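*Asks:* I'd like to ask you about the structure that follows.
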Amino acid sequence: AQKITQTQPGMFVQEKEAVTLDCTYDTSDPSYGLFWYKQPSSGEMIFLIYQGSYDQQNATEGRYSLNFQKARKSANLVISASQLGDSAMYFCAMREGRTGRRALTFGSGTRLQVQP
Amino acid sequence: SQTIHQWPATLVQPVGSPLSLECTVEGTSNPNLYWYRQAAGRGLQLLFYSVGIGQISSEVPQNLSASRPQDRQFILSSKKLLLSDSGFYLCAWQGAKVSSTEAFFGQGTRLTVV
């Protein structure tokens, strides 16, 4: 089974509007972390936001917020006031506590295009 | 602050040629190091990870190998490249704790096997 599912291959949003990128995850580990990364056309992976499984409040970082619904196992990224520079691929990732490798498992990504 | 260097940025290699990609980390000690590969338009796939010098774990059977000769150096190699080895390779450093938000990636190497 997929551990991280991003069901939106592509999304369009008008400049200055908000957009939500969906992410659902699957784990039986009570301790885990959820990450969102932005990958522009240059290829670099830019860390955006992190949510721990025990965090009581949703994470926020500037225009980025994470809508964490633990019971539904969803961790959607909300970008407020979209900018043209937000056009990129966005990846949701999970890091589980149980395995020794502590590696990130990535979803397939969502390509966001911000239109003027 | 922690930084991660990866080189080269791009590489075009003929089928059957060897490969060596290098990654070094600064500003931390005993990091967990990772090699990921990204096929065009896809997510990242974990290839190898290392929790210490000489300790390498492989995630998928393949034509590649990894080595960690020093604490902050991680090398991805191949003796004979295949066409299917083409892709975007990313080295990453992560803190050891699950709660750590420290997950940094290098700039990546775009490998084209021709």
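The values are calculated or read from the model by the stated rules, or taken from the named source; none is laboratory data. Predicted, not measured: the structure shown is a model, and the values here were computed from it. Because the Cβ atoms are built from the backbone with ideal geometry, glycine has one as well, and the counts that use them run over all protein chains shown. Accessible surface areas use protein heavy atoms only, side chains included; no ligands, DNA or RNA. Shrake-Rupley method; radii C 1.70, N 1.55, O 1.52, S 1.80 Å.
*Asks:* Can you go through A:Glu44, A:Glu17 and tell me which one is modelled with pLDDT of 95 or more, assigned to a loop (DSSP other than H, G, I, E, B) and surrounded by 12 or more Cβ atoms within 10 Å (Cβ to Cβ)?
*Replies:* The unique qualifying residue is A:Glu17.
*Asks:* Any idea how many residues of the range A:58-116 are more than 13 Å from the chain's Cα centre (by Cα) and within 14 Å of chain B (Cβ to nearest Cβ)?
*Replies:* 8
*Asks:* Right, another one. Does the range A:2-56 hold any residues that are free of Cβ contacts under 8 Å to residues at least 12 places away in the same chain and more than 14 Å from A:Ala88 (Cβ to Cβ), and which are they?
*Replies:* Across the range A:2-56, the qualifying residues are A:Ser28, A:Gln56.
*Asks:* Restricting attention to the range A:27-41, which residues are surrounded by fewer than 17 Cβ atoms within 10 Å (Cβ to Cβ) and farther than 18 Å from A:Thr110 by Cβ? Steps first, answer last, please.
*Replies:* Pass one, the range A:27-41, residues surrounded by fewer than 17 Cβ atoms within 10 Å (Cβ to Cβ): A:28-31, A:40-41.
Of everything in the range A:27-41, those that are surrounded by fewer than 17 Cβ atoms within 10 Å (Cβ to Cβ) and farther than 18 Å from A:Thr110 by Cβ turn out to be A:Ser28, A:Asp29, A:Pro30, A:Ser31.
*Asks:* Right, another one. Which residue out of B:Ala96, B:Ala103 is farther than 23 Å from A:Ser42 by Cα and either within 14 Å of chain A (Cβ to nearest Cβ) or at pLDDT below 90 (or both)?
*Replies:* The conditions single out B:Ala96.
*Asks:* What number of residues within the range B:22-73 are among the basic types (Lys, Arg) and open to solvent by less than 30 Å² (accessible area, probe 1.4 Å)?
*Replies:* 1
*Asks:* Kindly provide the set of residues from the range B:19-58 that are part of a strand (DSSP E or B), more than 22 Å from A:Met94 (Cα to Cα) and either touching a residue at least 40 places away in the same chain (Cβ under 8 Å) or under 12 Å from the mean Cα position of the chain (by Cα) (or both), ordered by number.
*Replies:* Matches in the range B:19-58: B:Leu19, B:Ser20, B:Leu21, B:Glu22, B:Cys23, B:Thr24, B:Val25, B:Glu26.
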